[in-house]
1. Here are the criteria: (1) of a type outside the set (Ser, Thr, Tyr); (2) at negative phi; (3) touching a residue at least 40 places away in the same chain (Cβ under 8 Å). Tell me which single one residue 244 does not satisfy.
2. Just checking, how many residues over the stretch 306-324 are surrounded by 14 or more Cβ atoms within 10 Å (Cβ to Cβ) and of a type outside the set (A, V, I, L, M, F, W, C)?
3. Here are the criteria: (1) at pLDDT below 95; (2) closer than 28 Å to residue 135 by Cβ. Tell me which single one residue 191 does not satisfy.
4. Does residue 257 satisfy the criteria of being within 18 Å of residue 80 (Cβ to Cβ) and either among the hydrophobic types (A, V, I, L, M, F, W, C) or in contact with an Asp or Glu (Cβ under 9 Å, 6 or more places away or on another chain) (or both)?
5. What about residue 294, is it touching a helix residue (DSSP H, G or I) at 6+ places or on another chain (Cβ under 7 Å), touching a residue at least 40 places away in the same chain (Cβ under 8 Å), outside any strand (DSSP E or B) and not acidic (Asp, Glu)?
6. Criterion first (modelled with pLDDT of 95 or more and among the charged types (D, E, K, R)) does residue 40 satisfy it?
7. Exactly one condition in (1) assigned to a loop (DSSP other than H, G, I, E, B); (2) among the polar types (S, T, N, Q); (3) closer than 24 Å to residue 95 by Cβ is false for residue 142; which is it?
8. Please count how many residues of the stretch 150-187 are surrounded by fewer than 17 Cβ atoms within 10 Å (Cβ to Cβ) and assigned to a loop (DSSP other than H, G, I, E, B).
Amino acid sequence: MSHHPDPSPGTALVTGGAGFIGSHIVDRLVADRWSVRVLDDFSSGREENLARSGREIELIRGDLCDPETLEAATRGVEVIFHEGAIPSVPRSVADPRGTNAVNLEGTLGVLEAARRNGVRRVVLAASAAAYGDVDLLPLVESGPVRPLSPYALQKYGSELYCTLYASLYGLETVALRYFNVYGPRQDPASDYAAAIPLFVSAALEDRGVTVFGDGEQSRDFVYIDDVVEANLRAAAAPATSASGRVTNVASGRRTTVNELIEVLSDCVGHPIPVTHDAPRVGDIRHSWAEVSLARELLGWAPSRTLAEGLRFTVDAYKRGEEIG
């Protein structure tokens, strides 16, 4: 996919810019010659994630929920990529109010600061968790949502706030419902580690993996570079078609956990031993996205196959880029 960066992009703020997804967005913005500001409290983000772009960016260490910090961070900004969150379903179940303060009120704070400071557009990291366990597959943006956790509800509420701010105040917003994002820098040691970093680190250390249930549950895995591209396109898409909208960001393919292990075995060159455990309570069985709306609104389509994305990920882990 050819990139045609705006000849003179303005200033972008990436909240949660030291995190897995945020730091990849930061690197791309720097490469595209944006002035980049990062706001992160380093509760889950890591310094190492900013190693590539560190000298090129303005780093604000601070709390998303602090109005003064947010006020300073959003001043003079053209686009906000709002990635800052506590991205943990279990944590939201254990602490609904604490996670709500960051995930929902934090988004409201970002929208308010953006409105006050004349920010052109806010691009929100939303989540496929909003759908819950919906039977109608593939999942379409106009279909039902049934959030099954406080995290899912907080992310869905953030979308609704974005849509409301677009219609009520004329602040341009685009919400991207991420599916299962994977790639380098995803931390296998975090308490919310996704399947892929856990499986990759196990495969490279010749350990087996544990699969909950029969392994026939399916997910829609989308490679990090495709997610970054979607964010850049969401920042640039015409307001008339994209503002106030919510769109899936996914591969548009379903992969069972068993298939994932098979593809990964090919990548590392040896079979990965599997142990089965009881299915996890609250886990959804199937997740698979329709991605045609993103093509229509943003001119975006996923470009990486799972085999390609996994190969890049494995190579990065071998080079020590996951920094656990």
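1. (2)
2. Selection size over the stretch 306-324: 6.
3. For residue 191, the failing item is (2).
4. Considered against the rule, which asks whether it is within 18 Å of residue 80 (Cβ to Cβ) and either among the hydrophobic types (A, V, I, L, M, F, W, C) or in contact with an Asp or Glu (Cβ under 9 Å, 6 or more places away or on another chain) (or both), residue 257 comes out as no.
5. yes
6. Yes; evaluated as a whole, the condition is true for this residue.
7. It is condition (3) that residue 142 fails.
8. Residues meeting the conditions: 1.
The values are calculated or read from the model by the stated rules, or taken from the named source; none is laboratory data. All of these numbers come straight from a predicted model, not from anything done at the bench. Neighbour counts run over all protein chains shown; Cβ positions are idealised from the backbone, glycine included.
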